[in-house]
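Report on the following structure.
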Ligand SMILES: C[S@@+](CC[C@H](N)C(=O)[O-])C[C@H]1O[C@@H](n2cnc3c(N)ncnc32)[C@H](O)[C@@H]1O
């Protein structure tokens, strides 16, 4: 296995980030730009190539760069190299750092070697939740985009579908489709034993980043707007204590949500429908997966109910008519985004390349904007007291004015466009993988083991000899039928 990060494609990827920072932070003096990154130190003499090839040429002082490293050997090498960047006292993971740092950064660059898994997602939640990225900050992520397990594939399926519904997936085949249509699409694929189109699903990585940053502080605490809702405690109590199958009648019975609104909430219970109805997981497997995260599911549900409930509170406070429910929704969205300090993407670039370790890497560059000016404009029309929860028209004399409504709709339309931006195509930069003279041979048992773990047939056939995609698909059909019972790891794993 090659160990160096000094390879031409990695250099190109760094160049993309350097140009992106130069263009998107052009309004800031380099000496004011604060950075946190994984500098890397795989080999003696090749420490912190990211600092040398990106931040040095941009004129960002090394004392403005925090370098994170979780491995002991790499950390020691970085320390010995005495580069003048800031290092933590001891090796530290990104999650620990972002959960505790009191600082804000203009550039956060997370150059991983692996997938966007649970820990990486939690890191994004901490960055957005604790507002560690500055208001015009740039986030760079680099994740592996190959050989995902079935578990990761199902996470991507959820992320991809939710993102497509939000509108990020325009042109990717799903926007405008109903949940039923999407579920049927995956179900057919699953039943005919086809590989999922992983290249499509991997867009979930970008969607996950965008939706996490849109949630802002909501990633770490319940929005104030909800807590000030008169029925907050009552709804929370119901959701947190009742079994899921009794919630529907209890919430409708509470009178806080209109029966027809409950449909909106159910639409968000997409994960279960997607995974179980499409046949990807059995009901038992699904229950097993959500067991530990039931609280998280309840929190999510709680938030959705609150979002719908807040509409009623807004409509009553502003004296809106029943047919103005759309307006109440928009006002709720904007007040919520302001309260949670959402980050909106102002520019996105996406690249991929094959590394010298033969891994497809997915590089996302996103420049954000917290759009404070738009809230100011909104505040001229609607007054909201975050401490009291009171909402009213700023100018009571104009509370029935059509003009005021038009201006509110204009502002909210801008926000909606920002939250549902389509992501651009990923540009493939090339490969620095030098294939070995011959592919490694694996046995049938090893192939079955990889397939059971969810590795797609095409990837196994690409990497190993001697099985063809067709043969591997036949093995997989037998796995599904339960022909091979013994899934113990192969001898060399
Ligand atoms: C891909 S390398 C960085 C390469 C460098 N950015 C470059 O351009 O050459 C990733 C480095 O970050 C470290 N690392 C990976 N995940 C990490 C995490 N979650 N927290 C802290 N360090 C991490 C790895 O040990 C490795 O040294």
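The values are calculated or read from the model by the stated rules, or taken from the named source; none is laboratory data. What you see is a predicted model; the values in this text were computed from it and never measured. All Cβ positions, glycine included, derive from the backbone under ideal geometry; neighbour counts span all protein chains shown.
Do we have residue 36 as out of contact with any helix residue (DSSP H, G or I) (no Cβ under 6 Å at 6 or more places or on another chain), closer than 27 Å to residue 99 by Cβ and in contact (Cβ under 8 Å) with a residue 24 or more places away in the chain here? Reasoning before the result, please.
Working: out of contact with any helix residue (DSSP H, G or I) (no Cβ under 6 Å at 6 or more places or on another chain): yes; closer than 27 Å to residue 99 by Cβ: yes; in contact (Cβ under 8 Å) with a residue 24 or more places away in the chain: yes.
Spelling it out, residue 36 is indeed out of contact with any helix residue (DSSP H, G or I) (no Cβ under 6 Å at 6 or more places or on another chain), closer than 27 Å to residue 99 by Cβ and in contact (Cβ under 8 Å) with a residue 24 or more places away in the chain.
Quick grid of which residues meet (1) modelled with pLDDT of 95 or more; (2) in contact with a strand residue (DSSP E or B) (Cβ under 8 Å, 6 or more places away or on another chain); (3) surrounded by 21 or more Cβ atoms within 10 Å (Cβ to Cβ):
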| position | (1), (2), (3) |
| --- | --- |
| 326 | no, no, no |
| 335 | no, yes, yes |
| 340 | no, no, yes |
| 362 | yes, yes, yes |
| 365 | yes, yes, yes |
| 368 | yes, yes, yes |
Check: Can you name the residue in region 388-406 that is in contact with a helix residue (DSSP H, G or I) (Cβ under 9 Å, 6 or more places away or on another chain) and in contact (Cβ under 8 Å) with a residue 60 or more places away in the chain and, of all such residues, is surrounded by the fewest Cβ atoms within 10 Å (Cβ to Cβ)?
Finding: 390
Margin query: So, restricting to helices (runs of 4 or more DSSP H) that lie completely within region 193-249, which ones have at least 3 residues that are modelled with pLDDT of 80 or more and surrounded by 18 or more Cβ atoms within 10 Å (Cβ to Cβ)?
Written below: 204-215
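Can residue 102 be described as in a loop (DSSP other than H, G, I, E, B) and within 13 Å of the ligand (Cβ to nearest atom)?
Values: in a loop (DSSP other than H, G, I, E, B): yes; within 13 Å of the ligand (Cβ to nearest atom): no.
Considered against the rule, which asks whether it is in a loop (DSSP other than H, G, I, E, B) and within 13 Å of the ligand (Cβ to nearest atom), residue 102 comes out as no.
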Next item on the list: Return only the number of the condition from (1) out of contact with any helix residue (DSSP H, G or I) (no Cβ under 6 Å at 6 or more places or on another chain); (2) more than 8 Å from the ligand (Cβ to nearest atom); (3) touching a residue at least 40 places away in the same chain (Cβ under 8 Å) that residue 52 does not satisfy.
Entry: (3)
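Quick check on residue 137: is it closer than 19 Å to residue 31 by Cβ and touching a strand residue (DSSP E or B) at 6+ places or on another chain (Cβ under 8 Å)? Step through it out loud before you land on a result.
Numbers: closer than 19 Å to residue 31 by Cβ: yes; touching a strand residue (DSSP E or B) at 6+ places or on another chain (Cβ under 8 Å): yes.
Answer is yes for this residue.
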Checklist line | Residue satisfying all of: in region 321-368; touching a helix residue (DSSP H, G or I) at 6+ places or on another chain (Cβ under 6 Å) and without any contact (Cβ under 8 Å) to a residue 40 or more places away in the chain; nearest to residue 403 (Cα to Cα) among these | finding: 328
Check: Out of region 413-455, which residues are in a loop (DSSP other than H, G, I, E, B) and more than 23 Å from the chain's Cα centre (by Cα)?
Finding: 432, 433, 434, 435, 436, 437, 438, 439, 442, 443, 453
Notebook entry, point to check: Any chance region 410-433 includes a residue that's closer than 20 Å to residue 320 by Cα and surrounded by 15 or more Cβ atoms within 10 Å (Cβ to Cβ)?
Noted result: yes
Margin query: For the list (1) under 28 Å from the mean Cα position of the chain (by Cα); (2) more than 11 Å from the ligand (Cβ to nearest atom); (3) part of a loop (DSSP other than H, G, I, E, B), I need the number of the one condition that residue 92 fails.
Written below: (2)
Notebook entry, point to check: Which residues, taken from region 56-89, are more than 11 Å from the ligand (Cβ to nearest atom) and assigned to a helix (DSSP H, G or I)?
Noted result: 56, 57, 58, 62, 63, 64, 76, 79, 80, 81
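Take residue 127 and tell me if it is in contact with a helix residue (DSSP H, G or I) (Cβ under 6 Å, 6 or more places away or on another chain), over 30 Å from residue 151 (Cα atoms), modelled with pLDDT of 95 or more and more than 12 Å from the ligand (Cβ to nearest atom).
Values: in contact with a helix residue (DSSP H, G or I) (Cβ under 6 Å, 6 or more places away or on another chain): yes; over 30 Å from residue 151 (Cα atoms): no; modelled with pLDDT of 95 or more: yes; more than 12 Å from the ligand (Cβ to nearest atom): yes.
Taking the combined requirement at face value, the residue does not satisfy it.
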